[in-house]
Amino acid sequence: MEPSKIKIKIQSDMTDAMRAKDAERLGAIRLLLSAVKQTEIDKRTHGEHVELDDAGVLMVIEKLIKQRRESIEHFRVGNRPDLIAKEEAEIKVLATYLPEQLTDAEVEELICKAISDSAATSMKDMGKVMGILKTSLQGRADIMRTSSRVKAILSSN
């Protein structure tokens, strides 16, 4: 498996953040590298070394961003603007490693194409459509929003 170019960039950025003494950025990058390393350890079988590819690293980044967004919601309820700011800063750093985000129109186009390609006609076909979309949207669009949109389209058929 080819080493992750994203992971190499993250490691390089960590060095740059250390040199610049950018503690906030450095903390977010270390958190990300730690999550990537933990995922690699969790995927090991029989002691073999596993290294995530770009798709695997993107999944880790998306998971961390999702966790931060959930935390922000909890901190809003708890009236903790200090913690909200910290989580938003981490999201900003993490998002720099994601590919360019698709516009709503581009996502809509991909949804229509996936529905057409899978010959989906009802909610029973949701899994087929999302299976097609998952690879093309990886890191480029919010999967939960896309899923909701697919549900709306399929339920109106």
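Taken together, the values in this text are just the output of simple stated rules run on the coordinates, not laboratory data. Because the structure is predicted, anything quoted here is derived from the model rather than measured. Cβ placement follows ideal geometry from the backbone for every residue including glycine, while neighbour counts extend to all protein chains displayed.
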Relative contact order of region 50-149, pairs being alpha-carbon contacts under 8 Å that are 6 or more residues apart, as %: 29
Simple Cβ-charge dipole of the chain, Lys/Arg +1 and Asp/Glu -1, about Cα centre, in debye nearest 20: 320
Counted charge near GLY131, where neighbours are those whose Cβ lies closer than 14 Å (Asp, Glu -1; Lys, Arg +1): +2
